[in-house]
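**Student:** So that we are looking at the same thing, I have put the structure below in structure tokens.
The values are calculated or read from the model by the stated rules, or taken from the named source; none is laboratory data. From a predicted model like this one, the values you see are computed outputs, not experimental measurements. Positions of Cβ are backbone-derived with ideal geometry, glycine not excepted, and every protein chain shown enters the neighbour counts.
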Amino acid sequence: MGLIFGLFLIIGILLNTIFIGFNALNIIYLILSAAFLIYSLPFTKKVLKFGVNVKRDRTFNFIFYTVLLIIFFSSGKLLSSKDPMQYSYDINKCAELIQDGDVKKAEKQLVKLYEKNPSNPLVNENLAVVYLKDKRTDLVKVHLDNASKELNFDENLWYNYGMLYYQQKDYKKAQECFEIAIKLNPNMVKAHIYAGTMSYRLRDLRRAIYHLENAKTISPNSPEILFHLGRANMDLMQYKDAEECLSLALSNKPSKPLETSIQELLKEVKGYRGGNK
Amino acid sequence: MFKKDVKKIFLEGGEGYKFLFIAAFLAQASFIPNSIFLYTLKRPLPVFLSYSFSLICLVLFLISLSFYFKKSFSGNEKGLRNTIVNNIICSVINIILVLLVMLVYAILSQQFIRVLPYFSEKNITSLIILLIFIVSAIVVQIIILSVLTLFTVSFQYGLRISALGKVYCCILTTFVRKFFRVLFYSLLAVGILLLINIIQNLSENILSILMPDGFFKNFIFYVIGAFTNGYFMFILINMCITIMNDMEDKIKVKIESSKPKSLPVFPIIVLALFVVLAIIIIPPNRNSIDTFITDIKLQQDKGDALGKIGYSQQSIYEYDDAYSKLISLKSYLQGIKGWKVNNKALQDEAIKNFDTALSLNGQNPYIPYFKGNLYLLSNNPDSAIQQYNTLLYNKKAIYEGYFGKLKAYKIKNQKDNIGETLNILVSKELYFDRFNNIENLSVKKLEKYIDELNDLEKNLGPKMVYKAVEKAKYLDFQTAEKELMELKKLYPNDTVISYELAKLENQYRSEQSRYGLVKDNAESFDSQLNKSLNKSDEVNKKLFVAQMYLNTNDVEAAEKVLGEIYSKFPGDIDVIEQYSSVLTKNKKYDDALKVTEAALIKNKENYYLYYINAMCYLNKKDYSRSLENIELFEQITLKDSKLTKKLDECTYAYALAFSYVIGEKNALEEVEKHKSNIVLYNYIYATKAWREKDAAASKESISKVLAANNQLGYAYYVMGVNCYEETVRKNLVDFSDAEKYYLQSLEMLPDHAEGYFALAHCYKKWGKNKEALRAFRKVVDLMPCEDHRTDPYGMTVHALGEINNLSQYDVKEGN
């Protein structure tokens, strides 16, 4: 089997070399494949006399193949860093770091990537997200504008623009951006929530309820959505709907601070509904 | 027994495994010749070439498999060349048989999706259906295993084509005899297949992290795949052999008994069945444009379905995306036509039309692809590359764009970029261009497709109405109206647009400017929707039109419409109710009574007709009959809790109307006769006192009404007004009583704008500005229009002014 596998590797890498020519990685692959093939030849085994001691043969085989595989893949990883796909992989890694809350580490890596390729829209977008977390709005704007040159129709870009305007307290613009994000991806719950809360801040209550109801359709048991919806309903004097939303929010185990806010609001709504506040 | 079997299946007989590995690799090896040709030709390959490579690889796979059997089993004494030829012929039949079973399975699955909604009903029928489907899925799986056994046996013994039928019968008999073992094996095979899938996905992910994209990565991936797939084949073969292990003699007898030159009945039946099913399932004459158009239609249907289940945003997204695709394809075809007939203007117009597609859905990947292709046609590689580059970050990118890029780089002679693009194409395993044939279509064909797309656009374009409807939901009237007006210009004869426009204009009507628009659109809707309607639809249509006339104060026109529909359907109760109501409004009391009395013969329990009668007699000053009818109305509505709202609304309206005539002697006498009817009697006196600004007396009477029936929202409202007026007159500061009654009233009448208006003033007077602001906002929410006919006190205008004044008290918090 080893011989066949070795032959396959040699054929594959030779074809690859014909297609894309010699490069450092191809040469390393070629050497490794040749090593594999030579090692698998019966002649080599005879010379090395491994066939005599089966146990030693197996141990050596294991070590040889493992080392070969490690060199094989690590050379691929190291020498293919300029590859565009590798670049996206690093960016995705940073996005994961941001999601896990390790913003500082993500920023460090993203800045490195940005220095290598300042026009990459994904690097710019992720950097903007990092700066959004730090509320460095001037830098957010720069990177989002950079990203928008090629990512103009990406819902995350518009969502982040929305967050930028929200931080700058320009709720009207923020609402517009969140609505564009919804248009691009109607299943983006967080865009629905923010479009709703921006409308609420602008006291466009019917619009707030509309967006929050849409968010509720996608995520029916989210205490956060139910709280915002309950509050908007309350401000539009729809006390029955408000009470239903808030009670449901409470039953869906909200976080402690949210629970306190829900309870306070619920008490107020019940007061109005009882008519004896 | 099974434990022994499992050991046998997974481990025994691995001598010829390398041939299985090679076979598994060869089965998928068409990527090698495809890549070689792509790198050499540097342009998309013809589809037939790609298919030919797959066919050659299949033959090589079968040859390699023959070697495996020759090496591992000694049952076949024929020469290798004979075996290979036999195996290939039998394999073709076997593969067709597997495909046939798969087709049946596909049909079954399709039917399963159709009946899926019934499962939500959770009754016995749905359980039976589910059971049938599970059983049929297992049966199909076992049949597949039986065909694979035939496959194995034909390789093992080098079967002749004429012996296939007999051996298959033998296999089926064995399968019936060893049913449970077979069932176990087939489930095991499915489990292993799932496991192999997971391993392959995992290795693909690891490879994409560790290796650069390109031919060699694919190569390594297929080598790993050959290991796993080879082992899966090894297990399957062992399974089939284990099942058939004691049937060796029987099979040999069957082989010997079959005559070499006899007619191969079994293969002929299999072939015939396959041809029939293929004709039924595969639609004829499909090319990339047909598929594209079908996709657009399917997406439109999806939009309809999503809209129906309440996912309006998602539904709009589907419509937008479908429409965007339609426009992009149409523009592309127009552009090609322009290029073919050498019409530069047509080409420019096509490029411009992409902007409309872009405004509908910026993520539509066909826009940059088609646009880039058109730039290439007009020999503008730079603009083309710019377009194709936008595909790089598009989540739904179509990789055929890289073929365009390749062409553009070839024109610019940029060798490095050509190599990089080829590498990407190979890594995506894209060897031919689905849309390549479009550019080769004749002008006539292009025109035919453009016409087809125009027809589809007539259907899809008006769907954009739902976007405007969504905006109307959150009171963004101006944008909604603008969008609807634009659609009306494009599709002047569309019924839905006229209907929605009439509704919207009605919602925001004002006497000065929009009455005309409401009527015009209602009339358009009426005239457009007149083909083959059933009774119910026609009635609903006319009722809507009449309502629009009523809302715009054209009571005569409403009466005419309703009169016409009444003469057509004199028995329809909805028409009778509306018609008699309009006649009453037009003070044609005798006519109204004629209609209601005739209807009451058949509809003795219709509460509304008694109410109309009561109002008519009241206006005719026949107080006795009026009170008699309102009591009948009350009796019927009290029986059904669903009618409480009607009871509330009509009793309030009647009491208010009666309070105007109670000064007349005989009216008072008649009311006194109905003293036992506590609600009606006291309601009339409460409204009378209210009108006379005697709050104390009004409160006393209305509290009696509420004691008798506490479900009357309007009675709470009257009580609230009295409390408010009393507090104001006495110069007191505590409005809590008024607030309490208003809130109770609004709990029952959540859409009562007057109630909110009164409450808002109560709060304002009380100094509760935050609450007052909230109530004024609610008034505007309920009555966004400034229609002085339906809003004689100008509540909306007043409320808007108050909102402006009170906005300083707005709640500041809220994230």
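**Student:** Taking into account only those residues within the range A:178-197 that are surrounded by fewer than 24 Cβ atoms within 10 Å (Cβ to Cβ), of a type outside the set (D, E, K, R) and closer than 15 Å to A:Ser222 by Cα, which is nearest to the other protein chains (Cβ to nearest Cβ)?
**Tutor:** The qualifying residue nearest to the other protein chains (Cβ to nearest Cβ) is A:Asn187.
**Student:** When both residues are 6+ apart or on different chains and their Cβ atoms are under 9 Å apart, which pairs have a first residue that lies in the range B:88-108 and is in contact (Cβ under 8 Å) with a residue 40 or more places away in the chain, and a second that is outside any helix (DSSP H, G or I)?
**Tutor:** B:Ile89/B:Arg160; B:Cys90/B:Gly158; B:Cys90/B:Leu159; B:Cys90/B:Arg160; B:Ile93/B:Pro264
**Student:** Also, I was wondering about something else. Report whether or not A:Lys135 is surrounded by fewer than 21 Cβ atoms within 10 Å (Cβ to Cβ), in contact with a helix residue (DSSP H, G or I) (Cβ under 8 Å, 6 or more places away or on another chain) and at negative phi.
**Tutor:** It is false that A:Lys135 is surrounded by fewer than 21 Cβ atoms within 10 Å (Cβ to Cβ), in contact with a helix residue (DSSP H, G or I) (Cβ under 8 Å, 6 or more places away or on another chain) and at negative phi.
**Student:** Further, regarding this structure: Select from the range B:721-750 the residues that are part of a helix (DSSP H, G or I), within 14 Å of chain A (Cβ to nearest Cβ) and either of a type in the set (A, V, I, L, M, F, W, C) or within 14 Å of B:Lys765 (Cα to Cα) (or both) and list them in ascending order.
**Tutor:** B:Cys723, B:Ser736, B:Asp737, B:Ala738, B:Glu739, B:Leu743, B:Leu746, B:Met748
**Student:** Evaluate the following for B:Leu346: is it crowded, with 22+ Cβ neighbours inside 10 Å, in a helix (DSSP H, G or I) and more than 14 Å from chain A (Cβ to nearest Cβ)?
**Tutor:** It is false that B:Leu346 is crowded, with 22+ Cβ neighbours inside 10 Å, in a helix (DSSP H, G or I) and more than 14 Å from chain A (Cβ to nearest Cβ).
**Student:** If you don't mind, another one. Is it fair to say B:Asn722 is closer than 23 Å to B:Gln635 by Cα and at pLDDT 90 or above?
**Tutor:** No.
**Student:** Anything in the range A:207-230 that is within 8 Å of chain B (Cβ to nearest Cβ) and of a type in the set (Lys, Arg)? List them, or say none.
**Tutor:** Correct list: A:Arg207 only.
**Student:** Residues that are in contact (Cβ under 8 Å) with a residue 40 or more places away in the chain and away from every other protein chain (no Cβ under 14 Å): which helices (runs of 4 or more DSSP H) entirely in the range B:355-449 hold 1 or more of them?
**Tutor:** Where helices (runs of 4 or more DSSP H) fall fully within the range B:355-449 and carry at least 1 residues being in contact (Cβ under 8 Å) with a residue 40 or more places away in the chain and away from every other protein chain (no Cβ under 14 Å), they are B:366-377, B:401-412.
**Student:** Among the residues of the range B:515-541, count how many are touching a residue at least 12 places away in the same chain (Cβ under 8 Å) and outside any helix (DSSP H, G or I).
**Tutor:** Qualifying residue count for the region: 1.
**Student:** Of the residues in the range B:537-573, how many are over 16 Å from B:Glu511 (Cβ atoms) and touching a Lys or Arg at 6+ places or on another chain (Cβ under 6 Å)?
**Tutor:** 2
**Student:** Identify, by number, the condition in (1) surrounded by 16 or more Cβ atoms within 10 Å (Cβ to Cβ); (2) more than 7 Å from chain B (Cβ to nearest Cβ); (3) at pLDDT below 95 that A:Pro257 doesn't meet.
**Tutor:** (1)
**Student:** As an exercise: evaluate A:Ala215 against (1) part of a loop (DSSP other than H, G, I, E, B); (2) in contact with a Gly (Cβ under 8 Å, 6 or more places away or on another chain) and give the number of the one condition it does not meet.
**Tutor:** Among (1) part of a loop (DSSP other than H, G, I, E, B); (2) in contact with a Gly (Cβ under 8 Å, 6 or more places away or on another chain), A:Ala215 violates only (1).
**Student:** What pairs come up if the first residue lies in the range B:242-257 and is farther than 23 Å from B:Asp5 by Cβ, the second is in a helix (DSSP H, G or I) and aliphatic (A, V, I, L, M), and their beta carbons are under 6 Å apart, counting only those six or more places apart or on different chains?
**Tutor:** That search, which allows pairs on different chains as well, returns B:Lys254/B:Val167; B:Ile255/B:Ala163.
**Student:** Select from the range B:189-245 the residues that are within 14 Å of chain A (Cβ to nearest Cβ) and among the small types (Gly, Ala, Ser) and list them in ascending order.
**Tutor:** Matches in the range B:189-245: B:Ser203, B:Ser208, B:Gly214, B:Gly225, B:Ala226, B:Gly230.
**Student:** Hey, A:Asn152 hits all of (1) farther than 25 Å from B:Lys395 by Cβ; (2) surrounded by fewer than 20 Cβ atoms within 10 Å (Cβ to Cβ) but one; which does it fall short on?
**Tutor:** (1)
**Student:** Determine which member of the set A:Asn156, A:Asn187, A:Asn126, A:Asn146 is modelled with pLDDT of 90 or more and not in a helix (DSSP H, G or I).
**Tutor:** Residue meeting the stated conditions: A:Asn187.
**Student:** One residue is enough: does the range B:465-483 have a residue meeting the conditions surrounded by fewer than 19 Cβ atoms within 10 Å (Cβ to Cβ), of a type outside the set (Val, Ile, Thr) and away from chain A (no Cβ under 14 Å)?
**Tutor:** Yes, the conditions are met somewhere in the range B:465-483.
**Student:** Have a look at B:Ile134, B:Ile142 and point out the one that is farther than 24 Å from B:Val253 by Cβ and at pLDDT 85 or above.
**Tutor:** Exactly one residue qualifies, and that residue is B:Ile142.
**Student:** For residues in the range B:761-815 being small (Gly, Ala, Ser) and at the interface with another protein chain (Cβ under 10 Å from one of its Cβ atoms), which is nearest to A:Ala208 (Cα to Cα)?
**Tutor:** Top of the filtered list is B:Gly814.
**Student:** Could you check, for the range A:231-252, whether at least one of its residues is in a helix (DSSP H, G or I), within 9 Å of chain B (Cβ to nearest Cβ), surrounded by fewer than 17 Cβ atoms within 10 Å (Cβ to Cβ) and touching a Lys or Arg at 6+ places or on another chain (Cβ under 9 Å)?
**Tutor:** Yes: one or more hits.
**Student:** Can you tell me which of B:Lys297, B:Lys325, B:Lys302, B:Lys352 is buried (at least 20 other Cβ atoms within 10 Å of the Cβ), assigned to a helix (DSSP H, G or I) and at pLDDT 90 or above?
**Tutor:** Only one candidate passes the filter, namely B:Lys325.
**Student:** Between a residue in the range B:309-321 that is more than 8 Å from every other protein chain (Cβ to nearest Cβ) and any residue that is surrounded by 23 or more Cβ atoms within 10 Å (Cβ to Cβ), which pairs come within a Cβ distance under 7 Å, given they are 6 or more apart or on different chains?
**Tutor:** These pairs meet every condition: B:Ser315/B:Gly303; B:Glu318/B:Gly303; B:Tyr319/B:Gly303; B:Asp321/B:Asn361; B:Asp321/B:Asn364.
**Student:** Being in contact (Cβ under 8 Å) with a residue 40 or more places away in the chain, in a helix (DSSP H, G or I) and of a type outside the set (Phe, Trp, Tyr) is the filter here; which residues of the range B:653-668 pass it?
**Tutor:** Within the range B:653-668, B:Ala657, B:Asn666, B:Ala667 qualify.
**Student:** Something else about it: Out of all the residues in the range A:208-229, is one or more surrounded by fewer than 22 Cβ atoms within 10 Å (Cβ to Cβ) and at positive phi?
**Tutor:** No, there is no match, as no residue in the range A:208-229 is surrounded by fewer than 22 Cβ atoms within 10 Å (Cβ to Cβ) and at positive phi.
**Student:** Any residue in the range B:803-812 that is under 28 Å from B:Asp694 (Cα atoms) and either in a helix (DSSP H, G or I) or touching a residue at least 40 places away in the same chain (Cβ under 8 Å) (or both)?
**Tutor:** So far as the range B:803-812 goes, no, none of its residues is under 28 Å from B:Asp694 (Cα atoms) and either in a helix (DSSP H, G or I) or touching a residue at least 40 places away in the same chain (Cβ under 8 Å) (or both).
**Student:** Tell me which residues, restricted to the range B:19-37, are within 42 Å of the chain's Cα centre (by Cα) and more than 9 Å from every other protein chain (Cβ to nearest Cβ).
**Tutor:** Hits for the range B:19-37 are B:Ala24, B:Ala27, B:Gln28, B:Ala29, B:Ser30, B:Phe31, B:Asn34.
**Student:** Quick one: would you say B:Ser703 is modelled with pLDDT of 90 or more and either assigned to a helix (DSSP H, G or I) or surrounded by 21 or more Cβ atoms within 10 Å (Cβ to Cβ) (or both)?
**Tutor:** When the stated conditions are applied, B:Ser703 passes them.
**Student:** Report whether or not B:Ala775 is touching a Leu at 6+ places or on another chain (Cβ under 7 Å), more than 27 Å from A:Tyr165 (Cβ to Cβ) and part of a helix (DSSP H, G or I).
**Tutor:** Taking the combined requirement at face value, the residue satisfies it.
**Student:** Tell me, please, whether a residue that is modelled with pLDDT of 80 or more and under 30 Å from A:Pro186 (Cβ atoms) can be found in the range B:275-288.
**Tutor:** yes
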